[in-house]
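Colleague: What follows is a single structure, and I will ask about it in a moment.
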Amino acid sequence: MTDPLFDEDDEANTPLTEEERAQLIPSYITLRRELNEAEQVNIAAGLKWVSGRKREVLDDAFLRELHKRMFGQVWQWAGQYRTTPRNIGIDAYRIAMEVRQLVDDVRYQVENATFPPDEIAVRFSHRLVSIHPFPNGNGRHSRMAGDLLAMQLGQRPFTWGSINLIDPSQTRRDYVAALQAADAHDIEKLLAFARS
């Protein structure tokens, strides 16, 4: 029997453990569509929160708080690094260390203008989503963090294909292909997609 809320039939959703699923906050949610809508409302609240303050994106505490602000009205585990294995991302025990290393590396890139600003922000977003630090919401979180870093570096936020990347679509497939190319050290497709 399938669960209409937690069906894992598309690549857009990271499978959650039973314990993670049990931490859904709104009790009215029974369908994937309702979950997506609740998360989108929460993400909008997170964007409002981050827009009203001076922020240092390159800080692991900020990145956890951003995730909490984006998903904390929907999931009890929001803002907490995952402790369970995933089919993507690194081992859970390495997450805190890898996020701190990412932040340090990107600070160095910014201070030394190692890459153009857009490329620094896209590389940051890609590496963050590759770590996959949270039970879910990693793509949306990493794209928002990339946008915030781009703005901190004097650039416009990215368009990321200009549509919802949660639902299956050709644009989502293009995004996944660009991520896979970046995984293979070809950042050009992801750079182009970020501004498409």
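Colleague: Sequence gap at least 6, Cα distance under 8 Å: using those rules, report the relative contact order of the chain to the nearest whole percent.
Modeller: Rounded, it is 18 percent for the chain.
Colleague: Using modelled amide H (1.01 Å from N, peptide plane; none on Pro or chain starts), what sits under 5 Å from the amide H of residue 75, excluding residues fewer than 5 places away?
Modeller: Amide H neighbours of residue 75: 25.
Colleague: Straight-line reach from residue 68: which lysines have Cα under 16 Å away, leaving out those fewer than 8 places along the same chain?
Modeller: Answer for residue 68, where 16 Å is the Cα cut-off: 48, listed by chain and number.
Colleague: Take the alpha carbon atoms of the chain, find their radius of gyration, then divide it by 2.2 N^0.38 Å using N residues; give the quotient.
Modeller: In units of the globular-protein estimate, the chain measures up at 0.99.
Colleague: If eta is 0.890 mPa s and T is 25 °C, what Stokes-Einstein diffusion coefficient results for the stretch 129-196, Kirkwood Rh from Cα pairs, in µm²/s?
Modeller: This corresponds to a translational diffusion coefficient of 197 µm²/s.
Colleague: Which residue, 151, 129, 44, has the largest displacement toward the positive end of the dipole of the stretch 18-158 when charges sit on each Cβ (Lys, Arg +1; Asp, Glu -1)?
Modeller: 44
Colleague: About its Cα centre, how strong a charge dipole does the chain have in debye, to the nearest 20, once Lys and Arg get +1 and Asp and Glu get -1 at the Cβ?
Modeller: 680 debye
Bear in mind these aren't lab numbers, they're just calculated from the coordinates by the rules spelled out. Because the structure is a prediction, the values reported are computed rather than measured. Positions of Cβ are generated from backbone atoms using ideal geometry, with glycine treated the same way; all protein chains shown enter the neighbour counts.
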